[in-house]
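**Q** Next up is a structure, given as structure tokens.
The values are calculated or read from the model by the stated rules, or taken from the named source; none is laboratory data. Everything numeric in this text was worked out from a predicted model, so none of it was measured. Note that we place each Cβ from the backbone using ideal geometry, even for glycine, and neighbour counts take in every protein chain shown. Keep in mind that these areas ignore ligands, DNA and RNA; they rest on the heavy atoms of the full protein, side chains included. Shrake-Rupley method; radii C 1.70, N 1.55, O 1.52, S 1.80 Å.
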Amino acid sequence: MTASTAGEARRSYAAAAATDLDNRSRLLRAATDAFAEFGYEGTSLRAIADNAEVSFQLIAYYFGSSSSSQQKTQLLAGSQK
């Protein structure tokens, strides 16, 4: 691997990591807003993903592929930090 290729790989990894943090933060912000407006029972994971403008599958990526109630609980807990 040349120095140029290694540098590009580091920049690419850094950009991906920044996007990861941004997507997770957007999900947590959208969850906070939805829970505040609609409550736990009135909030769907799909609505959270839509409001965060991210793929629905990212909820499973960041908060596990467990049941939707467990994912919502993790989002609720994360949004209260």
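**Q** To the nearest 10 square angstrom, how much accessible area does residue 46 have with a 1.4 angstrom probe?
**A** Ignoring ligands and nucleic acids, residue 46 comes out at about 130 Å².
**Q** For residue 55, tell me the accessible area in Å² from a 1.4 Å probe, rounded to the nearest 10.
**A** 50
**Q** Summing Lys, Arg as +1 and Asp, Glu as -1, what charge do residues with Cβ under 13 Å from the Cβ of residue 68 carry, residue 68 excluded? Walk me through the numbers before you get to the answer.
**A** Working: positive: 46, 72; negative: 41.
Charge balance near residue 68 sits at +1.
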